[in-house]
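Heads up, the thing below is written out as structure tokens.
The values are calculated or read from the model by the stated rules, or taken from the named source; none is laboratory data. Values in this document were obtained by computation on a predicted structure and should not be read as measured data. Positions of Cβ are generated from backbone atoms using ideal geometry, with glycine treated the same way; all protein chains shown enter the neighbour counts.
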Amino acid sequence: MREREMLLRKIRQYDFTLKELNLYLDTHPGCRRALAMFQKYRKLRSDAYEEFTRRFGPLVPEQSENSDRWDWIDDPWPWERS
């Protein structure tokens, strides 16, 4: 599997894990273990997003840093880039 796809898979896994932990913490707000896991995976996801943006371009519009022009719409779309 190519590096780009592997990194996208990691990001999806981190997003899923964070959503599940979010739901758990909604019903167990005092669980320190779950909160620590949430913080850990939030950092992992943030690092993965940064790496993806650095290597392959922005994954979401919020990562586009061009202040002269809205380049998010330029081809190819992030999910089409190789």
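Some notes on this structure:
- Taking each residue of the stretch 54-82 that is more than 16 Å from residue 2 (Cα to Cα) and of a type in the set (Phe, Trp, Tyr) and looking for partners that are modelled with pLDDT under 75 and surrounded by 10 or more Cβ atoms within 10 Å (Cβ to Cβ) with beta-carbon atoms closer than 8 Å, six or more apart or interchain, yields 70/64; 72/64.
- Screening residue 29 against (1) under 12 Å from the mean Cα position of the chain (by Cα); (2) modelled with pLDDT of 95 or more; (3) part of a loop (DSSP other than H, G, I, E, B) leaves a single unmet condition, (1).
- Tally, over the stretch 8-67, of residues that are of a type in the set (Val, Ile, Thr) and in contact with a helix residue (DSSP H, G or I) (Cβ under 7 Å, 6 or more places away or on another chain): 3
- Residue tally, condition surrounded by 15 or more Cβ atoms within 10 Å (Cβ to Cβ) and closer than 18 Å to residue 36 by Cβ, over the stretch 4-24: 5
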